[in-house]
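Participant: I'd like to ask you about the structure that follows.
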Amino acid sequence: MKTKTKITKDTNIAEAMETNENVPKVLFEAGIGCLGCSMAHAETLYDGLMAHGLSEKEIDVLIDKMNK
């Protein structure tokens, strides 16, 4: 079972998905398919979500959902 680790904008995407069970579900529900993306190992959540066109506010909302 994954542990629940505090997620921030600076958290690496792959690390976030590996350590917090909420992250893949939240990303999937937002239409973001990071699970199979090679960039998940190189980008932070902020960088990846910005690249997908999300606003600062939308990113904050998703980060909050990941941490609940």
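Participant: Is there a residue in the stretch 19-35 that is touching a Ser or Thr at 6+ places or on another chain (Cβ under 6 Å) and either part of a loop (DSSP other than H, G, I, E, B) or surrounded by fewer than 12 Cβ atoms within 10 Å (Cβ to Cβ) (or both)?
Facilitator: Yes, some residue in the stretch 19-35 is touching a Ser or Thr at 6+ places or on another chain (Cβ under 6 Å) and either part of a loop (DSSP other than H, G, I, E, B) or surrounded by fewer than 12 Cβ atoms within 10 Å (Cβ to Cβ) (or both).
Participant: Further, regarding this structure: Output the number of residues of the stretch 31-50 satisfying the condition of being at pLDDT 90 or above and not hydroxyl-bearing (Ser, Thr, Tyr).
Facilitator: 6
Participant: Separate question: Is there any pair linking a residue in the stretch 49-63 that is in a loop (DSSP other than H, G, I, E, B) to one that is surrounded by 12 or more Cβ atoms within 10 Å (Cβ to Cβ), with Cβ under 8 Å and at least six apart or on different chains, and which?
Facilitator: As it stands, the answer is His52/Ile32; Leu54/Ala30; Leu54/Leu62, since those pairs meet every condition given.
The values are calculated or read from the model by the stated rules, or taken from the named source; none is laboratory data. What you see is a predicted model, and the numbers here were worked out from it, not measured in a lab. Virtual Cβ from ideal backbone geometry, glycine too; neighbours counted across all protein chains shown.
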